[in-house]
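Notes follow once the structure below has been shown.
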Amino acid sequence: MKPTPKSRRKAAPLLAFGAHPDDIEFGCGGVVACETRAGRVAHFVVCSRGEAATHGTAAQRVAEAKQSAALLGATVEFVELDGDALLEAKVAHTIKLASILRRVRPGIVLAPSLVADQHPDHARLGQLVRDAARLARYGGLKELRSLPPHAIDQLFFYAVTPEGEPPDITPVLIDISATEIVAAWTAAMDAHASQARSRNYAALQLARARLWGLRAGVGHAMALYPNDPLVLDSLAQAGRGARRF
Ligand SMILES: [Zn+2]
């Protein structure tokens with residue numbers, strides 16, 4: 001049977017962007033584990049080597065990120081923008097990220113929330129990815145002509161910390177309760193061992209996922225925030241709402 005456009009969309013890769021080597025794992029790692037277990041290809045683009053962190057050298061952090069991505073069934077590449085803690089919103093960066101979108105040709109894109117949190121790089125990268133998803137579609141942009149235009153299906157934001165959760169966007173909750181998913185996600189977070197020396201970030205993320213899970217009536221869930229209204233082919237895809245209290 002020839003694949004329908006819908007099934008091709010479903011098979012398109014997931015592409016996740018992070019400002020630092022651990023952002024994707026902490027902010028949406030459980031979702032990635034769900035998707036790769038279901039057979040979707042996942043690729044990470046990390047936009048610094050975490051060289052401004054108090055703990056861990058750039059080389060250690062790159063090694064941790066590679067191990068962590070592998071534990072989630074994903075591949076990872078590093079892209080040089082301005083460096084850790086120095087990221088600025090520049091058109092040249094948008095073009096660079098748009099060229100990655102054209103190369104990888106993802107269906108779903110995950111990026112840090114636009115709401116400012118503790119680290120200024122997070123929200124700035126979210127803006128750059130949102131703008132890059134737009135430019136990746138533009139056929140006439142000469143800076144991107146070496147690769148054919150690409151329109152993604154959906155951009156979701158993830159919040160690296162609770163402070164970055166957008167208060168005005170109703171999240172989509174992904175049920176990550178399966179034991180092997182939580183285990184893979186926990187192992188991926190623990191792989192960033194250098195960062196555990198300052199705070200117990202993994203415990204915070206697991207507690208967040210547990211709270212979303214309790215609100216939704218499942219074990220653990222992670223919240224994603226759609227940049228655009230979701231389009232469903234049928235109400236059957238709407239699942240169920242989370243209102244347990
Ligand atoms: Zn970060």
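Just so it is clear, none of the values below were taken in a lab; they were calculated from the coordinates. What you see is a predicted model; the values in this text were computed from it and never measured. Reconstructed Cβ throughout: ideal geometry from the backbone, glycine too, with neighbour counts over all protein chains shown.
Once both labels are positioned 7 Å from their Cα atoms along Cα-to-Cβ, the gap between GLN237 and ALA116 label points is 3.7 nm. Here the spin labels are modelled as points 7 Å beyond Cα on the Cα-Cβ line, and at ALA63 and ASP228 they lie 4.3 nm apart. Shape analysis of the stretch 122-199 yields a ratio of the Cα radius of gyration to the Kirkwood radius, Rg/Rh, of 1.08.
Any number yet on Rg/Rh for the stretch 87-245, C-alpha, Kirkwood? Don't jump to the answer; show the numbers that get you there.
On the way: Rg = 17.5 Å, Rh = 17.5 Å.
Here Rg/Rh amounts to 1.00.
In this structure, the amide hydrogen of VAL76, modeled 1.01 Å from its nitrogen in the peptide plane, lies closer than 5 angstrom to those of PHE44, counting only residues at least 5 positions away or on a different chain. Remark: the stretch 27-43, residue by residue, has Karplus-estimated 3J(HN,Hα) of x, 7, x, x, 5, 4, 4, 4, 5, 5, 5, 7, x, 7, 6, 10, 9 Hz, where x stands for each Gly or Pro and the curve is 6.51 cos²θ - 1.76 cosθ + 1.60 at θ = phi - 60°.
Between the listed residues VAL41, ALA187, SER68, the Cα displaced farthest toward the positive end of the dipole of the chain, a dipole computed from Cβ unit charges relative to the Cα centre, is found at VAL41. Listed peptides 151-158, 137-144 appear in the order 151-158, 137-144 once ranked by packing, highest mean of other Cβ atoms within 10 Å at the front. For GLU51, the residues whose amide H sits under 5 Å from its own are ASP84, ignoring neighbours fewer than 5 places away on the same chain, with H placed 1.01 Å from N. The slack in the chain from ASP153 to ARG210, taken as 0.36 nm per residue of separation less the alpha-carbon distance, amounts to 17.7 nm. Largest mean-square fluctuation among PRO148, PRO171, PRO106, in a Gaussian network model of the chain whose springs join Cα atoms under 10 Å apart, belongs to PRO148.
For the chain, averaging the sequence separation of C-alpha pairs within contact (under 8 Å, six or more residues apart) and dividing by the residue count gives a relative contact order of 22 percent. Computing FRET efficiency as 1/(1 + (r/R0)^6) for GLU88 and ARG37, where r is the C-beta to C-beta distance and R0 is 35 Å, gives about 0.40.
Relative to the present Cα-Cα distance, how much length would full extension add between ARG134 and ALA183 at 0.36 nm per residue of separation?
Value of the extension gain: 14.1 nm.
Can you compute the charge dipole magnitude of the chain about its Cα centre, using +1 on each Lys and Arg Cβ and -1 on each Asp and Glu Cβ, nothing else charged? Give it in debye, rounded to the nearest 20. Kindly include the intermediate steps, with their values, before the conclusion.
Working: 29 positive and 24 negative charges, 201 e Å.
So the dipole magnitude of the chain works out to roughly 960 debye.
May I ask you to order 116-128, 86-98, 177-189, 225-237 by the average number of other C-beta atoms within 10 Å around their residues, highest value first?
On the way: 116-128: 20.5, 86-98: 17.2, 177-189: 18.9, 225-237: 10.2.
Top to bottom by mean Cβ count within 10 Å: 116-128, 177-189, 86-98, 225-237.
Suppose R0 equals 30 Å. What FRET efficiency, 1/(1 + (r/R0)^6) with r the Cβ-Cβ distance, do ALA70 and ALA203 give to the nearest 0.05? Provide the component values of the computation, followed by the final result.
Numbers: r = 23 Å, r/R0 = 0.76.
Step by step, r from the Cβ atoms, then E = 0.85.
Applying 0.36 nm per residue to the separation of ASP168 and ALA11 and subtracting their alpha-carbon distance, the gain on full extension is 53.5 nm. Placing one equal scatterer on every Cα of the stretch 1-139 and applying the Debye formula, the log10 ratio I(q)/I(0) at q = 0.10 Å⁻¹ is -0.32.
Would you mind pulling out the separation of the Cα centroids of the stretch 189-238 and the stretch 38-114, in Å? The stretch 189-238 and the stretch 38-114 have Cα centres spaced 19 Å from each other. Each DSSP beta bridge with both residues in the chain is either parallel or antiparallel, and the antiparallel ones are about 25%.
The reciprocal of the average 1/r between distinct C-alpha atoms defines the Kirkwood hydrodynamic radius, which for the stretch 111-164 equals 12.2 Å.
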